[in-house]
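The values are calculated or read from the model by the stated rules, or taken from the named source; none is laboratory data. These numbers come from a predicted model, not from an experiment. Quick reminder, even Gly has a Cβ in these numbers, built from the backbone with ideal geometry, and neighbours come from all protein chains shown. For the accessible areas, the whole protein counts, side chains as well, though only heavy atoms, and no ligand, DNA or RNA atoms are used. Shrake-Rupley method; radii C 1.70, N 1.55, O 1.52, S 1.80 Å.
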Amino acid sequence: MKKLLSVLLAVLMVFALVGCSKKEEGGEAADTVKIGVAIYQFDDNFMTLYRQNIQKYFDDLNAKGGTQYEITIVDGKNDVAEQTEQVNTFISQGVDAMIVNLVQTSSPALAQAVEDSGIPTVFINREIADYKYGTKTCYVGADARDSGTYQGQIIFDQPNHGDLNGDGVVKYIMIMGDPENSDAKFRTEYSIKYLTDNGVAVECLYQETGMWDQAKGQELVASALNAYGDDIEVVFCNNDGMALGAAQAINAAGRTVGTDIYLVGVDALTECCEMVKAGTMTGTVLNDDQGQATAACESVLQLLAGNEITTKVNYVPYVMVTAENADQYIK
Ligand code: GAL
């Protein structure tokens with residue numbers, strides 16, 4: 001009798017164990033990883049490509065089977081209060097990890113809330129100056145100084161180093177991104193620095209912020225062309241979105257890129273690479289949306305695996321794009 005009982009007990013235990021592991025295999029908690037992605041603004045050409053790449057990275061992983069990643073991407077609408085609420089919602093829902101593209105980098109308040117939550121998080125695209133990342137956070141972006149330097153170099157490489165009318169001074173206008181953002185600051189500074197470091201005399205006729213936006217870029221360049229006319233030799237735009245707007249304004253004013261004016265941007269949007277190839281834009285700089293998105297997703301996986309990212313600030317390189325290599329970046 002005793003023997004029978006112990007055999008029965010053993011059989012029951014085996015059943016219980018099998019039952020448990022079955023539950024874990026099929027259960028939500030064990031197999032679905034929830035990732036919250038907060039983008040500063042959906043209505044941004046470059047960040048649209050970026051978030052599509054993030055989605056695709058995890059879609060591809062999900063298609064392989066195994067752990068499934070549930071990605072929720074939200075639009076901060078360039079509004080600090082809206083984004084703060086979105087990130088706090090991710091935190092209170094207890095997502096497993098986050099990718100955060102901050103609206104505001106001049107204040108570390110939201111980043112601090114993320115740190116305090118202890119949720120593994122990768123910050124992307126907008127660097128917080130002098131920020132000390134914790135053990136579960138890091139940053140993926142690009143060194144904006146380089147993108148500015150390449151823009152300056154593209155102009156320096158033109159006949160007369162950009163001085164189209166040969167009067168000894170390169171007269172330019174600068175269309176800036178959001179001035180709160182280090183990309184805008186560094187591109188504005190380093191594009192001109194390259195020229196002056198190489199002995200080129202420059203004069204800024206006009207500098208305004210177009211907030212990374214095509215329509216605003218068009219408006220600003222149209223009004224600058226109206227005010228300064230043929231004096232403008234170079235149009236520097238902190239990104240390609242605004243350069244697309246600038247190109248429209250340049251055409252409308254009857255000016256011709258490559259002949260009587262130069263135009264440069266940053267991002268290497270396909271549309272702009274086609275223009276660079278055709279000569280209707282002087283050059284751009286590859287801001288590697290795919291490379292950065294991949295690095296960000298890989299960092300998330302590392303953090304989820306419990307590994308600390310030792311390179312707290314991970315810069316993906318920019319590439320100078322001119323008529324010679326533009327073909328390579330047309331997607
Ligand atoms: C820059 C990019 C811009 C804009 C901005 C948003 O890196 O060149 O087009 O997307 O990020 O922060």
Distance between region 218-278 and region 79-96 - C-alpha centres, whole angstrom: 38
3J(HN,Hα) from dihedral phi, region 210-223, Karplus parametrisation 6.51/-1.76/1.60, rounded to Hz, x for glycine, proline: x, 6, 6, 9, 4, 4, 5, x, 4, 4, 5, 5, 4, 6
Ratio Rg/Rh [Cα only; Rh per Kirkwood] for the chain: 1.16
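Reported to two decimal places, what Rg/Rh ratio describes region 144-286 when computed on Cα atoms with Rh from the Kirkwood expression? Don't jump to the answer; show the numbers that get you there.
Details: Rg = 13.1 Å, Rh = 14.3 Å.
Rounded to two decimals, Rg/Rh equals 0.92.
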Helix-only [θ]222 nm of the chain, DSSP H runs n ≥ 4, -39500 (n - 2.57) each, per residue, nearest 500: -15000 deg cm²/dmol
Top of 93, 214, 302 by mean-square fluctuation, Gaussian network on the chain, Cα under 10 Å: 93
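In Å², what does the accessible area per residue of the chain work out to with a 1.4 Å probe?
Values: 15470 Å² over 331 residues.
Per residue, the chain has an accessible area of 47 Å².
If packing is taken as the average count of other Cβ atoms within 10 Å, what order do 59-65, 129-135, 247-253, 165-171 fall into, highest mean first?
Values: 59-65: 10.6, 129-135: 12.7, 247-253: 18.1, 165-171: 14.9.
Top to bottom by mean Cβ count within 10 Å: 247-253, 165-171, 129-135, 59-65.
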Reduced Cα scattering model of region 99-152, Debye log10 I(q)/I(0), q = 0.18, 0.28 Å⁻¹: -0.59, -1.17
Rg to Rh quotient for region 101-199, alpha carbon positions, Kirkwood Rh: 1.16
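Let's see if you can work this out: charge +1 on each Lys and Arg Cβ, -1 on each Asp and Glu Cβ, no other charges. What is the dipole magnitude of region 144-286 about its Cα centre, in debye to the nearest 20?
Details: 8 positive and 21 negative charges, 19 e Å.
Its charge dipole is roughly 80 debye.
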Compactness of region 260-331 as Cα Rg over 2.2 N^0.38 Å, two decimals: 1.44
Segment residue 205-residue 64, extension gain: residue separation times 0.36 nm, minus the distance between their alpha carbons: 45.3 nm
